[in-house]
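To start, the structure itself, in structure tokens.
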Amino acid sequence: MPTLVTRADVEAARAEQHGVVRRTPVEPSRVLSGPAGGPVLLKCENLQRTGSFKIRGAYRRIQRLSDAERARGVVAASAGNHAQGVALAAGLLGAEATVFMPAGAPLPKLAATRGYGARVELVDTFDATLLEAQAFADRTGAVLIHPFDHPDIIAGQGTAGLEIAEQVPDARTVVVCTGGGGLVAGIAAALHGSGVRVVGAQAEGLAAWPPSLAAGAPTSVAGATIADGIAVPRPGDLTFAQVAAQVDEMVTVSEEALSRAVLQCLERSKLLVEPAGAAAVAAIAEYPGRWEPPVVALLSGGNVDPLMLAEFVRRGMVAAGRYAGLRVRIPDRAGYLADLLALVGRLGGNVVDVEHRRLGASADLGPLALGTVEVALTLEARGPEHQDAILTALRDAAYVVAEGAV
């Protein structure tokens, strides 16, 4: 069994982070406190340097290298947060960094990684980045900086746990987003023996931890999720040992819950958080009252591609029942569309898009009769109950109507 990271290792990592890593704030969340049955606080690592917790582990890993190793440079493979953490840490410590990134990585993340001083090499796929990074390390002698499966990485990430213990001394539960396991393992090491319950939260679309823990060994899975920051198909050997020994529970959350969590953080807490970073918030909302409060949810990152932000918000509104699609059949004559829209307006719905369909109408509403048009409405509602009330009122008014994709 691998040697586990200890609280002393985490404390040693923090001693070297002064002036480099920010002590990120903790903010109360009223909207989560109700379902949780007590105080919920958000540990805002989305406000960390580089926009995520990754600088903590990357700095500790590179700082621990010998002068000769740093002189050979470091190399990493990443589509985003780890790339930026390694780039900044290497620059601060005087090491040359090379980062292999997939060609499809968002342009802002590519620009940020280069902006921190790294040399970026683009390859076709994410899987290829790992192979190319290892080949580069073998060829040049550069040190490969693993994103999670190294004791220095785990110890560095765990410094966030020490801050939580100081900022929320009465915390009873800490919920942490979990991919490869470096962050949750580090926080478990920092809080081990304190009586605080540590819970990992994974996206159910790609959740390797439940089957791995059940099997007693790291297990590979396949899948997909909008939470790309925690889309890791297999836990690390070291992180598995640490999590199996010290993490109290591992849960999964749906894509809809992740979408709602991103929207909730933005709307209610005024915090921009990526889907992976919002996994802990999603877990608290999905499992109300499950954990003893005060509960701390760690927001692990906020590096959201601007082009995807609108999509995440739309998904969140759909999942919350605030954005709906309706398909309605009306006579294809003057005045009928105005009547339909006026009724929706009186019911409190806000129509944001209208589409006429005279061909290719929806099969579930039957054939489109001559002189009839199908109208696809996209509208905002106040929630699921309001959405149901609009649908019922339209049917009561003799409209042929069905729900449809937004």
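Throughout, read-outs are computed from the coordinates displayed, never taken from laboratory work. None of the values given here were measured: they were computed from a predicted structure. Here the Cβ positions follow ideal geometry from the backbone for every residue, glycine too, while neighbour counts run over all protein chains shown.
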Relative contact order computed over the chain (Cα-Cα under 8 Å; 6+ residues apart), in percent
16
Can you list the HN-Hα couplings for the range 19-26, worked out from phi with the Karplus curve (6.51, -1.76, 1.60; θ = phi - 60°), rounded to whole Hz and with x for Gly and Pro?
x, 10, 9, 7, 7, 6, x, 10
Identified option (computed Cα extents along the principal axes in Å; candidates [x] 64, 44, 38; [y] 66, 46, 33; [z] 80, 47, 40)
[z]
Using a cut-off of 19 Å between alpha-carbon atoms, which aspartates and glutamates can reach residue 270, once sequence neighbours fewer than 8 places away in the same chain are excluded?
27, 45, 305, 311
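Only counting other Cβ atoms within 10 Å, I'd like 163, 292 sorted with the fewest neighbours first.
Details: 163 21, 292 14.
Sorted ascending by nearby Cβ count, the order is 292, 163.
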Hey, what did the range 321-404 get for relative contact order, percent, Cα under 8 Å, at least 6 apart?
50
Can you give me the Cα centroid spacing of the range 35-81 and the range 326-378 in angstrom?
51
Might you report the magnitude of the Cβ-based charge dipole of the range 55-144 about its Cα centre, with Lys and Arg at +1 and Asp and Glu at -1, to the nearest 20 debye?
380
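If the viscosity is 0.890 mPa s and the temperature 25 °C, what Stokes-Einstein diffusion coefficient in µm²/s follows for the range 180-265 when Rh is the Kirkwood radius over Cα pairs? Write out the running numbers ahead of the final one.
Numbers: Rh = 13.3 Å.
Result for D is 185 µm²/s.
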Residues in the range 1-20 reached by a label modelled at residue 237 [backbone nitrogen below 12 Å; 7 Å Cα→Cβ]:
1-3
Expected max-MSF residue from 103, 214, 241 in the GNM of the chain (alpha carbon, under 10 Å) is 214
So if I take the centroid of the Cα atoms in the range 118-137 and the same for the range 214-256, what is the distance between those two points in Å?
23
Can you give the charge dipole size of the chain about its Cα centre, rounded to the nearest 20 debye, using +1 on the beta carbon of Lys and Arg and -1 on the beta carbon of Asp and Glu?
660
Candidates 197, 139, 322, ranked by Gaussian network fluctuation over the chain, Cα under 10 Å, top entry
139
To make sure I understand, if each residue's beta carbon is the centre and we count other beta carbons within 10 Å, what order do 166, 121 fall in, fewest to most?
166, 121
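For each of 101, 308, 1, count neighbouring Cβ atoms within 10 Å of the residue's Cβ, then give the residues from fewest to most. All intermediate terms of the calculation are to be shown ahead of the outcome.
Numbers: 101 26, 308 15, 1 8.
If I rank by nearby Cβ atoms, fewest first, I get 1, 308, 101.
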Scalar couplings 3J(HN,Hα) for the range 308-321 by Karplus 6.51 cos²θ - 1.76 cosθ + 1.60 (θ = phi - 60°), nearest whole Hz, x for Gly and Pro, are 9, 4, 4, 5, 5, 5, 4, 4, x, 5, 5, 5, 8, x
Pick out, from 155, 331, 213, the residue whose Cα sits farthest towards the positive end of the charge dipole of the chain, with +1 on the Cβ of Lys and Arg and -1 on the Cβ of Asp and Glu.
155
Along the charge dipole of the range 112-240, Cβ charges K/R +1 and D/E -1, which of 145, 200, 222 sits furthest on the positive end?
200
So, in nm, how far is label residue 72 from label residue 134 when the simple model puts each one 7 Å beyond its Cα toward the Cβ?
1.7
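Translational diffusion coefficient, Stokes-Einstein: compute it for the range 55-144 using the Kirkwood radius over C-alpha pairs as Rh, at 20 °C and 1.002 mPa s, and state it as an integer in µm² s⁻¹.
Details: Rh = 12.5 Å.
Estimated diffusion coefficient is 171 µm²/s.
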Nitroxide proxy distance, nm - points 7 Å out along Cα→Cβ at residue 23 and residue 314:
4.3
Show me, bin by bin at 5 Å from 0, the whole-percent P(r) of the range 245-310 based on Cα pairs.
4, 17, 27, 25, 16, 7, 4, 1, 0
Cα axis of helix 151-167 to longest principal axis of the chain: angle in degrees, 0 to 90, nearest 10?
70
So if each residue of separation counts as 0.36 nm, and I subtract the Cα-Cα distance between residue 30 and residue 214, what length gain in nm does that give?
62.7 nm
Just 221, 281, 176 to compare: in a GNM of the chain, with alpha carbon springs under 10 Å, which one fluctuates most?
221
Charged-residue dipole, Cβ positions (Lys, Arg, Asp, Glu), the range 315-406 about Cα centre, Debye nearest 20:
80
Once the mean 1/r over all distinct Cα pairs of the range 321-404 is inverted, what Kirkwood radius in angstroms do you read off?
12.8
How far apart, in nanometres, would the label points at residue 362 and residue 6 be if each is projected 7 angstrom from Cα along the Cα-to-Cβ direction?
6.3
